[in-house]
Amino acid sequence: MEVNVLHKYLHEIRNLRIDRAHGNAPHQPVLLLSIIEMIAQGQITENKIIPSPGLVETFIKYWTKITDRKPKLELPFFHMKSRSFWHHHPNSGYETALSVVTQIKSFTLLREIIAYGYFDEALYLLFTNTETRDIIQQTIIETYLQDFKEEIYILISEEKEISEYSQKILQQVDHTFAIDKPFVPLSAKKRTRKNGFRRAIMRIYTYTCVVCELQILTLDGESVTEAAHIIPFKNSGNDDVRNGISLCQLHHWGFDMGLISVNEVYKVIVSDLMAEKGPLEWKFTTLRDKGILLPENREHYPAQEALAWHRENVFRK
Ligand SMILES: [Zn+2]
């Protein structure tokens with residue numbers, strides 16, 4: 001039974017619609033590879049594929065290995081509905097719009113209309129099983145991405161390492177946070193460590209600056225936010241997620257310069273030792289006493305020990 005189900009879907013997947021008229025543009029295979037990766041890494045845990053920043057980032061990562069053309073996630077996300085296994089769930093109020101629309105021309109519009117996409121339950125089950133997932137992944141690569149096979153497999157294995165690193169630091173928060181006991185869970189390459197830390201922090205704070213709560217993502221996957229170590233890695237060697245926060249580039253600079261910090265009750269403190277001019281809403285001093293954005297999970301809260309170190313050693317007072 002299961003073998004038949006697998007074969008049925010492999011057949012469908014070998015017959016995706018590819019825009020061959022415009023050079024290499026395997027949107028649908030790349031979307032499927034991206035979703036497969038996110039399921040494998042625990043970033044997608046149910047049969048609701050949300051057009052999220054994480055999906056955009058993953059999609060672009062594969063896309064740029066294959067072509068210089070502009071990535072357009074909205075195309076496959078929408079048009080894959082011509083395959084019997086892919087369905088859409090509209091945002092409330094957009095039920096009628098979704099039933100009549102024949103194309104969606106921007107990612108913003110896609111997010112407005114569609115809450116999530118989902119697979120036939122039987123196919124989703126195949127994606128959650130490591131063995132069948134690998135077979136499907138391999139089929140997609142062999143069928144559509146033969147010429148890029150090597151790069152794609154390298155990418156998949158590097159991503160696996162990054163993901164392992166980020167999973168470890170997200171999960172291993174059962175130990176007491178200690179400044180003198182730096183936490184680095186695996187001996188990893190610098191690139192893996194950096195990306196793994198970033199991924200964990202972006203997952204906790206969903207690409208949003210904890211200070212100003214700005215979230216800006218470009219359609220090619222860049223984000224204004226950066227994963228900041230509270231005690232710099234060069235001082236602490238500490239990749240504990242509680243030694244991290246997500247900051248936009250401006251507030252990352254201000255934090256590292258010691259112009260802003262965070263107090264014992266997670267409110268912003270601002271240094272008096274600077275001169276600033278400009279519109280009130282953009283000034284650092286306006287942020288004084290504002291509560292920072294905190295993680296959903298209490299275990300991931302920034303460590304007070306780390307913040308105390310920052311106030312003591314970096315903050316200008
Ligand atoms: Zn900010």
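Only residues that are of a type in the set (G, A, S) and on the phi < 0 side of the Ramachandran plot: list them for the range 201-240, please. Don't jump to the end; show me each part of the working.
As a first pass, look at the range 201-240 and keep what is of a type in the set (G, A, S): 221, 223, 227-228, 236-237.
Once the filter is applied, which keeps residues that are of a type in the set (G, A, S) and on the phi < 0 side of the Ramachandran plot, the range 201-240 yields S223, A227, A228, S236.
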- Query: Among the residues of the range 85-98, is there at least one that is touching a Phe, Trp or Tyr at 6+ places or on another chain (Cβ under 8 Å), open to solvent by 30 Å² or more (accessible area, probe 1.4 Å) and under 24 Å from V224 (Cβ atoms)?
  - Reply: no
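Checking the conditions here, which among D180, D147, D240, D134 is over 28 Å from K65 (Cα atoms) and exposed (fewer than 15 other Cβ atoms within 10 Å of the Cβ)? Talk me through it step by step, then tell me what you get.
Working: D147 fails: over 28 Å from K65 (Cα atoms); D240 fails: exposed (fewer than 15 other Cβ atoms within 10 Å of the Cβ); D134 fails: over 28 Å from K65 (Cα atoms).
The conditions single out D180.
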- Query: In this structure, does Q215 turn out to be more than 15 Å from the ligand (Cβ to nearest atom), under 25 Å from S52 (Cα atoms) and either aromatic (F, W, Y) or open to solvent by 10 Å² or more (accessible area, probe 1.4 Å) (or both)?
  - Reply: no
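What do you reckon, is E296 open to solvent by 70 Å² or more (accessible area, probe 1.4 Å), in a loop (DSSP other than H, G, I, E, B) and touching a helix residue (DSSP H, G or I) at 6+ places or on another chain (Cβ under 7 Å)?
Values: open to solvent by 70 Å² or more (accessible area, probe 1.4 Å): yes; in a loop (DSSP other than H, G, I, E, B): yes; touching a helix residue (DSSP H, G or I) at 6+ places or on another chain (Cβ under 7 Å): no.
The answer is no for E296.
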- Considering the range 235-267 alone, what residues qualify as being within 10 Å of the ligand (Cβ to nearest atom) and closer than 15 Å to A308 by Cα? F255, I260
- The condition from (1) more than 16 Å from the ligand (Cβ to nearest atom); (2) in a helix (DSSP H, G or I); (3) open to solvent by less than 70 Å² (accessible area, probe 1.4 Å) that M202 misses is numbered (1)
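The values are calculated or read from the model by the stated rules, or taken from the named source; none is laboratory data. Because the structure is a prediction, the values reported are computed rather than measured. Glycine gets a Cβ as well: all are built from the backbone with ideal geometry, and neighbour counts include every protein chain shown. For the accessible areas, the whole protein counts, side chains as well, though only heavy atoms, and no ligand, DNA or RNA atoms are used. Shrake-Rupley method; radii C 1.70, N 1.55, O 1.52, S 1.80 Å.
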